[in-house]
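To start, the structure itself, in structure tokens.
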Amino acid sequence: MSEIVNFVDILKPRRTQFGIFKFMTRSWDPKKTLTLDKYYMPQDLKKVVADSVYIDTIIEKESIKNGKSKEQMRKEVLDYLEEIAMDKKLYVIRWMGIVFLKICFMMKIGVFVNEPAVLKLRSIMGKNPVLFLPTHRSYADFCLMTYLCYHYDIDLPAVAAGMGM
């Protein structure tokens, strides 16, 4: 038997004169989706991936398959790593959140969330990697996903979009 889920409009509390700004400038300490023994800066992660034996193997196979030099293939890999590496800047996230909320309010829409499910997901985060897989039918998908994570104090997802995916 299925239970009735009451969806919550997470934008409703922001619909005040100072609600948006107050919410987006609040103290924010997100729950990590995966807790590692060591914290890696974006540059460190790029180096680990670039120096991986798996990447070297793939580069070697692809260079033979495509007739490109290994150096050219390595440069392409490094370019992709640079493009997808996430360097979070909280001031940018806050301003984009303000813009996102303003647009939502101008369009007079709500964002209804199955809050118990999100809170349950948040409670089990940290032990296993978590992947959010929106459809990417529009840029609104990842904007909404990012805002949802900010709203529920979940570490922001890295988004791979717009790269000919």
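Here, each number is a calculation from the coordinates, and none is a lab measurement. Since the structure is predicted, the reported quantities are computational estimates derived from the model, not experimental observations. When we count neighbours, we look across all protein chains shown, and the Cβ atoms used for this are built from the backbone with ideal geometry, even at glycine.
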- Hey, which of these cross-link pairs are over 23 Å Cα-Cα: K12/K88; K22/K102; K89/K127; K68/K88; K88/K108? K12/K88; K89/K127; K68/K88; K88/K108
- Item | segment 95-147 and segment 19-94: distance between their alpha carbon centers, rounded to Å | 21
- Label model pair Y152, K120: point-to-point distance (7 angstrom along the Cα→beta-carbon line) in nm is 1.1
- How long is the gain from L144 to N6 if the chain were fully straight, where each residue apart is worth 0.36 nm and the alpha carbon distance is subtracted? 47.7 nm
- Query: What is the set of long-range amide H partners of T33 at a cut-off below 5 Å, with H atoms built 1.01 Å from backbone N?
  - Reply: D155
- Message: I need to check one value: relative contact order of the chain, counting alpha carbon pairs closer than 8 Å and at least 6 residues apart, in percent.
- Response: 42
- Of the residues V77, L45, G67, the Cα lying farthest along the dipole of segment 42-84 towards its positive end, which is defined by charges on the beta carbon of Lys, Arg, Asp and Glu, belongs to G67
- Note on the structure: extent check for segment 33-157: Cα max minus min per principal axis, descending, whole Å, gives 54, 34, 26
- Query: How big is the equivalent ellipsoid of segment 42-84 along its three axes, where each semi-axis is √(5λ) from the Cα gyration tensor, reported in whole Å from largest to smallest?
  - Reply: 19, 11, 6
- Using the alpha-carbon atoms, what tilt in degrees (0 to 90, nearest 10) does helix 70-84 show relative to the longest principal axis of the chain? 10
- Task: Report the full-extension gain for the segment Q72 to L90: residue separation times 0.36 nm, less the Cα-Cα distance, to one decimal in nm.
- Result: 3.0 nm
- Message: Explain nothing, just the number: dipole magnitude of segment 1-128 about its Cα centre with +1 on each Lys and Arg Cβ and -1 on each Asp and Glu Cβ, in debye rounded to the nearest 20.
- Response: 680
- Task: Any lysines with Cα under 22 Å of the K70 Cα? List them, leaving off those in the same chain fewer than 8 positions away.
- Result: K46, K47, K61
- Compute the Cα gyration tensor for segment 99-159, then decide on rounded, prolate or oblate, letting a ≥ b ≥ c be the square roots of its eigenvalues: rounded whenever a/c is under 1.5, prolate when a/b is larger than b/c in the other cases, and oblate in all that remain. prolate
- Note on the structure: Simple spin-label estimate for I64/R137, 7 Å along Cα→Cβ, in nm, reads 4.3
